[in-house]
Amino acid sequence: MAKEAYPFIIPLALFSVFGFGFGIGIFAWLFLVLALFVAFFFRDPERSIPVEPAAIVSPADGKVVRIFSESDGTTRISIFLSVFDVHINRSPIGGKVESIRYLPGKFKMAFDERASVENEQNVWIIRSERWQIEFSQIAGILARRIVSWKRTGERVEKGERIGLIKFGSRVDVFLPRNVTIDVCLGDKVRGGSSIIGRFNYA
């Protein structure tokens, strides 16, 4: 479980204990259920990371809701994370964190297409010796806090945990021209283990 869960779980658990202690069962059970839900939301399962050098893994759990060709030749893959998905984000490739750019914005529903350009987000660029990937952590209507665990200049491994988005969100990945797309619209993906594309060596 991610450490960011504790500021939510501890007060909820204490309210639950007080509720049982003072005989207010309905409130005690409500706070207990909320505490369990938060623990579920912030779960952090281990993942099997593909070793194939050219493979690009999904930075997040969720559903592929859009595959779009941008004007610069990149392909944007949008992944929607519901409140029931794991919200730990992972690096799509191994390399150096070239930049992390924070963009303030709105908090539209994460499945809204306008969220990709209008919502609060962190834009990452990861560069390896040969390749580069850009992706965005995008806040949703409930997610008012994007957390980054890495800093510019640090190195990351493929599938390594890099941060999280709290309570429902969206991740956009921008794949270069020299990538073969390996997902389809509607696919469910798992962060760090699902391959969403492969670099072409030629």
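Structure above, values below:
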read-out: Potential extension, residue 195-residue 177 segment - 0.36 nm per residue separation minus Cα distance; value: 4.8 nm
read-out: Cα gyration tensor shape of the stretch 53-101, rounded if a/c is under 1.5, else prolate or oblate by comparing a/b with b/c; value: oblate
read-out: Segment residue 185-residue 66, extension gain: residue separation times 0.36 nm, minus the distance between their alpha carbons; value: 42.2 nm
read-out: Chain lengthening between residue 10 and residue 118 when straightened (0.36 nm per residue, less Cα-Cα); value: 35.5 nm
read-out: Over 19 Å between alpha carbons, listed pairs 106/158; 63/166; 96/158; value: 106/158
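None of the figures in this text is laboratory data; all of them are computed from the coordinates on show. Quantities reported herein were computed from a predicted structural model and do not represent experimental measurements.
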